[in-house]
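What follows is a set of notes on a single structure, which appears directly below.
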Amino acid sequence: MRYPVTLTTPLFDAFFQDVLRDAKLPQGKNGETRKTTWHPHVDVIENDAAYLIQVELPGVAKEDVELTLEKQLLTLKGSKTLPALDEGVTRHLHERASGTFERTFRFPTPVEGEGVEAAFHNGLLTITVKKTPEAQPRKIEIKTL
């Protein structure tokens, strides 16, 4: 029995990620080229008080990551470079992602601009974005008249 490959299977995604990795794309009139972007893996978790975003960034320096919040949009930008090869050295296999990345997250409820914290440890960036008090669920007392 054959297993169908659909647009949502990891096999399909991995195939195109491999094909497009380090592809040179035309840029501008003079034929300059640029590398494709890559997308770090992300988990977004929500609880009553906050959103938690975990981003896998192995091999990325903290200094190469920028995080901004504007209204309900959190933007994560950065870059990952691979070390240059010495003259006369040939790379036979290239599977590690490199280049620039940018991810934007829109929150469905209002968030606190001052309530954003980020920590970077062992290649995992953890971002905590607190919800505004009015966005948090609350129990409403029912009074008798």
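A few points about this structure:
- What the Cβ-Cβ distance of Glu134 and Asp64 gives, at R0 = 35 Å and to the nearest 0.05, is a FRET efficiency of 0.45.
- For the range 52-144, trypsin sites (Lys or Arg not before Pro) meeting the loop criterion (DSSP other than H, G, I, E, B) and having at most 10 other Cβ atoms within 10 Å: Lys71, Arg91, Arg138, Lys139, Lys143.
- Computed from backbone phi, the HN-Hα couplings of the range 70-83 come to 10, 6, 9, 10, 9, 10, 10, 10, x, 8, 9, 10, 9, x Hz, rounded to whole numbers (Karplus: 6.51 cos²θ - 1.76 cosθ + 1.60, θ = phi - 60°; Gly and Pro given as x).
- Förster radius 30 Å - calculated FRET efficiency between Lys71 and Asp48 (Cβ-Cβ, nearest 0.05): 0.90
- Each of Asp64, Asp86 was scored by other Cβ atoms within 10 Å of its Cβ. Listed from fewest to most, they are Asp86, Asp64.
- Taking 0.36 nm per residue of sequence separation and removing the Cα-Cα distance, the Lys143/Glu95 pair yields an extension gain of 10.9 nm.
- Whole-percent P(r), the range 31-145, all Cα pairs, 5 Å bins from 0: 2, 9, 18, 17, 14, 11, 8, 6, 5, 4, 2, 1, 1, 1, 0, 0, 0, 0.
Every number here is computed from the coordinates shown, using simple stated rules; none is lab data. Predicted model, so just to flag it, every value in this text is computed and none were measured. Backbone-built Cβ (ideal geometry, glycine too); neighbour counts: all protein chains shown.
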